[in-house]
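J.: Attaching a single structure in structure tokens format; questions to follow.
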There are 4 protein chains.
Amino acid sequence: MTSHETACILNAGDRDAKVEITIYFSDREPVGPYRLTVGARRTRHVRFNDLDDPRPIPLDTDYASIIRADVPIVVQHTRLDSRQAENALLSTMAFPA
Amino acid sequence: MTSHETACILNAGDRDAKVEITIYFSDREPVGPYRLTVGARRTRHVRFNDLDDPRPIPLDTDYASIIRADVPIVVQHTRLDSRQAENALLSTMAFPA
Amino acid sequence: MTSHETACILNAGDRDAKVEITIYFSDREPVGPYRLTVGARRTRHVRFNDLDDPRPIPLDTDYASIIRADVPIVVQHTRLDSRQAENALLSTMAFPA
Amino acid sequence: MTSHETACILNAGDRDAKVEITIYFSDREPVGPYRLTVGARRTRHVRFNDLDDPRPIPLDTDYASIIRADVPIVVQHTRLDSRQAENALLSTMAFPA
């Protein structure tokens, strides 16, 4: 019953990217932002289950996420949901906010 | 032979989103709009099989959907079609109409 | 060894859409355009294997497709390739050309 | 443990496309660009494992890629990762850089 959701973030630019992840729910206020840095010309793999500051993401509920950055980045999203045979890679651009 | 199509709608903004879903077919006029609200800073999971006002979506035919909202939202679409081993997550932006 | 590639085309507008599909290959000139109409407020499911005018698409080679229309349409692409366990739905917008 | 990542590049235009692929990592500087040409009105299938100039892509680490071209092209990305039952097709546009 565990959902393994990850995001692979690519910063192809020459400045470090300050990234903020906010998690939204159906029945409560969002949590976050979770803050992290992706170095210039680097990728970073984020497991949502590992996010714990300001607090862990509850595992018992659906959520959605918004990823913002102060420089353009590319985010590739993977959700492997053990509740159904569903697997997908999503690719999205995140723009400065 | 049942298609389980769902949409996860994220409203990351600070105003409630009025959402309208219209269903299109190959051989008849569209039905809808189905109206629902997604609260500010909330997600909402919609099962297309549960939509019944103005009337249930016929299960015996293919259809396509357009989702419109009065504020920007993010829609993640899942179709699990038992007729073939096909599963996908689609992510799209819906803009004010 | 057969590839089942289909496109579901949605014309949510109030004018019929004149659609042209062109097929591109790695080692020869493109074929097409294959022409079809999608009625106003209708969907149409196109199986690429059924396209035969100006000529059938060769089944023994990879190809890519471009779909053009004279009004905005939505195209959802499915490729079920029996050569590998690969399945995906792609959603793209086609704009007037 | 081998990742089979490929990109199918479509050049629907009437000029040859000069394409550059750069590979980014989490813990080292990017490698590339790998240069190739996609003829006018042609597709080209690229297996990332086959890229070897300036040097082969290390197989023991995650990476992300950016594809640039001097004319508009369409890139369809496939990653078949034997480490998990994950398969996806991504479609993206690459614009002149």
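The values are calculated or read from the model by the stated rules, or taken from the named source; none is laboratory data. None of these values were measured; they are calculated from a predicted model. For neighbour counting, all protein chains shown are included, and Cβ atoms are generated from backbone atoms with ideal geometry for every residue, glycine included. Note: accessible area is taken over every heavy atom of the protein model, side chains too, but ligands, DNA and RNA are not part of it. Shrake-Rupley method; radii C 1.70, N 1.55, O 1.52, S 1.80 Å.
J.: Whose amide H sits under 5 Å from the amide H of B:Arg42, counting only residues 5 or more places off or on another chain, with H placed in the peptide plane?
T.: Placed amide hydrogens put B:Asn11 under 5 Å from B:Arg42.
J.: Shifting gears a bit: Enter the mean number of other protein chain beta carbons within 10 Å of the beta carbon of each residue in A:25-38, as an integer.
T.: Taking all residues of A:25-38 together, the mean is 2.
J.: Residue by residue through the stretch A:39-52, what is 3J(HN,Hα) from phi via Karplus (6.51 cos²θ - 1.76 cosθ + 1.60, θ = phi - 60°)? Round to whole Hz and write x for glycine and proline.
T.: Computed from phi, the couplings for the stretch A:39-52 are x, 4, 6, 9, 10, 8, 9, 10, 9, 4, 5, 8, 5, 9 Hz.
J.: Pop the C-beta distance of C:Asp62 and D:Asp16 into the FRET formula with R0 = 22 Å and round what comes out to the nearest 0.05.
T.: 0.70
J.: For a test of the definition: using alpha carbon positions, the gyration tensor, and the 1.5 limit on a/c, classify the stretch D:1-47 as rounded, prolate or oblate.
T.: Since a/c reaches 1.5 but b/c is at least a/b, the shape of the stretch D:1-47 is classed as oblate.
J.: What's the total accessible area buried between chains C and B, using a 1.4 Å probe, rounded to the nearest 100 Å²?
T.: Between C and B, the summed buried area is about 1400 Å².
J.: Enter the accessible area of C:Asp14 (Å², nearest 10), with the probe set to 1.4 Å and all protein chains included.
T.: 120 Å²
J.: Hey, how many Å between the Cα centroid of the stretch A:38-60 and the Cα centroid of the stretch B:39-63?
T.: Value for the Cα centre distance between the two parts: 32 Å.
J.: Next question. So the label point sits 7 Å from Cα along the Cα-to-Cβ vector; using that for A:Ala40, what distances do you get to the other copies, in nanometres, sorted shortest first?
T.: 4.0, 4.0, 5.6
J.: Once the label point is placed 7 Å from Cα along Cβ, list for C:Asp70 the distances to the corresponding points in the other copies, in nm, shortest first.
T.: Distances to the matching label points in the other copies: 3.7, 3.7, 5.2 nm.
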